[in-house]
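Throughout, read-outs are computed from the coordinates displayed, never taken from laboratory work. The model shown is predicted, which means the values in this text are computed figures rather than measured ones. Every residue, glycine among them, receives a Cβ derived from its backbone with ideal geometry; neighbour counts consider all protein chains shown.
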Amino acid sequence: MASIWRYANPKKFIETSDRVLPVIAWGAVAALVVGLVWGFFFTPEDYRQGSTVKIIYIHVPAAMMAINAWAMMLVASLIWLVRRHHVSALAARAAAPVGAVMTVIALATGAIWGQPMWGTWWAWDPRLTSFLILFLFYLGYSALWAAVEDDDTAADLTAILCIVGSVFALLSRYAVNFWNQGLHQGASVMRAGAIAGDTQERVSNVFAAPLFVCMAGFVLLFVALVLLRTQTEIRARRMRALLARERMG
Amino acid sequence: MMVDLGKYAGTVLSAYGVSLVLIGGIVALSLWRARRMKAQLRAVEERVKHGL
Amino acid sequence: MSALLIRDLRLALRAGGGFGLGLVFFLILVALVAFGVGPQGALLSSIAPGMLWVGALLSCLLSLDRILALDYEDGSLDLLATAPLPLEAVVSIKGLAHWLTTGLPLVVVAPALGVLMNLAGPGYLWLVLSLLVGTPALSTIGTFGAALTVGLKRGGLLMSLLVLPLYVPTLIFGAEVARRGAEGLSVATPLALLGGITCGTIALLPFASAAVLRVNLR
């Protein structure tokens, strides 16, 4: 029976991911090179933002992955709690540092872009603030994984933290919105107006095409990194188990 | 070929630089840990198999 | 249940139980803010609602690890876990005891510290009310953090890292109530939202805390 749960077997997971990993990794490299080169060298300047518009090809995909990584960790945590598949818990652990790096990239590129455009590196704007809070959640999550010695205990604790954290992250998002209306422009990439052809507000086609390639590249990069890091976590777990058995005699 | 980035050259280049360094960092770290863990696990498995 | 509550309160109030340390910390913090910012009445007055809320939050944080750590060390937590009382009720009671010994005293002394911070006249009522509504949420969330880290050596610092981001919504709405109150604006919306957060955490978070505690006692 072909079922997705087959891949919950660590051996099967390593075998399969070994086979697909090169494809995904090279796909990520190709998409990122094409998207970034296209965006960097072959798109015009924006009439208001000048050449800083080119930062969008990193900023937007990184911000997207920062949120999606947490969503993936939430799903993996739920799967671990319900079905007790170790691969799922380890995948959540593997994704956290990648998500944290994406958050830092989104914050850093945003700050560098904000300096000439808004005249400040940092503003306590809802989106910026939410990302800072998201980064703190990533740090806490990873720190808890590192602090608990027993693997299953750590998986349970972090899974529950991930669920509770998700609720509070959403609450914070709305609280921060309430607290300050903000400077950041709305999400304009996927806005309905983009399809209707409202050229004032949306990201115009010249910028959108390479941006979508970059987004695909970031998604593939994330998947490749998570697969690789999950393999590493599976091996680390197996090694701890072997060493423990050896010590028992 | 180099595009003319105008007065924002420093801004754009530093944004790309920071991002590429961070992405390169996490990729290198992941690869390095993967390789090291693979080797360590193989060593331990060998040792266990051959009964110390 | 009430026996457990009375026992916890008695332990907290006994000498060495740490009762009152949070209050002293709150006082010192307010004094330090004044030293750091400088003796400018107008400036202090404008940051008073927020600083008092941050101070209350940090004082609350200070005593969180006492909620469960002592009971964990002497084994009474294992007894409580096997007792007929559901663990969800135990953590709720623990949170309540923490609030009665930490949150409530903070609410009571807050107006006095408001004087030191040059808080504007109409702000006192709203400061006290917002703390009264908001601090139960702080204790409940804190119990969850304490349950997460109960078995760990050096868990205190990690717990702060885990709990502080969870405190963000409570702090935002609570400080907003106090600030708007001090400026004479309408406080209905943030106060309702703050009350919503408190009710929600009290209703739901004990289940997460109990689940986490079961894992840690396994």
Could you give the semi-axes, largest first, of the ellipsoid that matches the range C:2-217, computed as the square roots of 5 times the alpha carbon gyration tensor eigenvalues and rounded to whole Å? 32, 18, 14
Considering only C:I202, B:S14, A:A143, whose Cα is most displaced toward the positive end of the charge dipole of the protein assembly as shown, charges sitting on Cβ of Lys, Arg (+1) and Asp, Glu (-1)? A:A143
Summarise the long-distance tail of P(r) for chain A by giving the % of C-alpha pairs beyond 26 Å. 48
Along the range C:62-78, what does the Karplus equation 6.51 cos²θ - 1.76 cosθ + 1.60 (θ = phi - 60°) give for ³J(HN,Hα), rounded to whole Hz, x for Gly and Pro? 4, 9, 5, 5, 6, 4, 10, 4, 5, 5, 5, 5, 8, x, 6, 5, 4
Top mean-square fluctuation among A:G119, A:G27, A:G217, Gaussian network model of chain A, C-alpha springs under 10 Å? A:G119
Taking only Cα atoms of the protein assembly as shown, the Rg to Rh ratio with Kirkwood Rh works out at 1.01
Charges only on Cβ, +1 for Lys and Arg, -1 for Asp and Glu: so what's the dipole of the protein assembly as shown about the Cα centre, in debye to the nearest 20? 1400
Distance in nm between label sites at A:D152 and A:A8, each 7 Å beyond Cα in the beta-carbon direction? 1.5
Among A:A143, A:A76, A:A208, the residue with the largest mean-square fluctuation in a Gaussian network model of chain A built from Cα contacts under 10 Å is A:A143
Longest exposed-site-free window of chain A, the sites being chymotrypsin sites (Phe, Trp or Tyr not before Pro) in a DSSP loop that have at most 16 other C-beta atoms within 10 Å: A:125-249
Per DSSP helix of 4 or more residues, -39500 (n - 2.57); summed, then divided by the residues of the protein assembly as shown. What does that give at 222 nm, rounded to the nearest 500? -27000 deg cm²/dmol
Show which lysines lie in cross-link reach of A:K54 when reach means a straight Cα distance below 21 angstrom and same-chain residues fewer than eight apart are skipped. B:K7
Tabulate in residue order the Karplus-calculated ³J(HN,Hα) for the range C:92-103, using 6.51 cos²θ - 1.76 cosθ + 1.60 with θ = phi - 60°, rounded to whole Hz; enter x for Gly and Pro. 4, 5, 4, x, 5, 4, 4, 5, 5, 8, 10, x
Where a ≥ b ≥ c are root eigenvalues of the Cα gyration tensor, a/c under 1.5 meaning rounded, otherwise prolate if a/b exceeds b/c and oblate otherwise, the range C:157-202 counts as oblate
Hz values of 3J(HN,Hα) by residue in the range C:201-217 - Karplus curve (6.51, -1.76, 1.60), Gly and Pro given as x: 5, 5, 6, 9, 5, x, 5, 5, 4, 5, 4, 5, 5, 4, 4, 6, 8
C:A31 to A:W124: FRET efficiency via 1/(1 + (r/R0)^6), r the Cβ-Cβ distance, R0 22 Å, to the nearest 0.05? 0.25
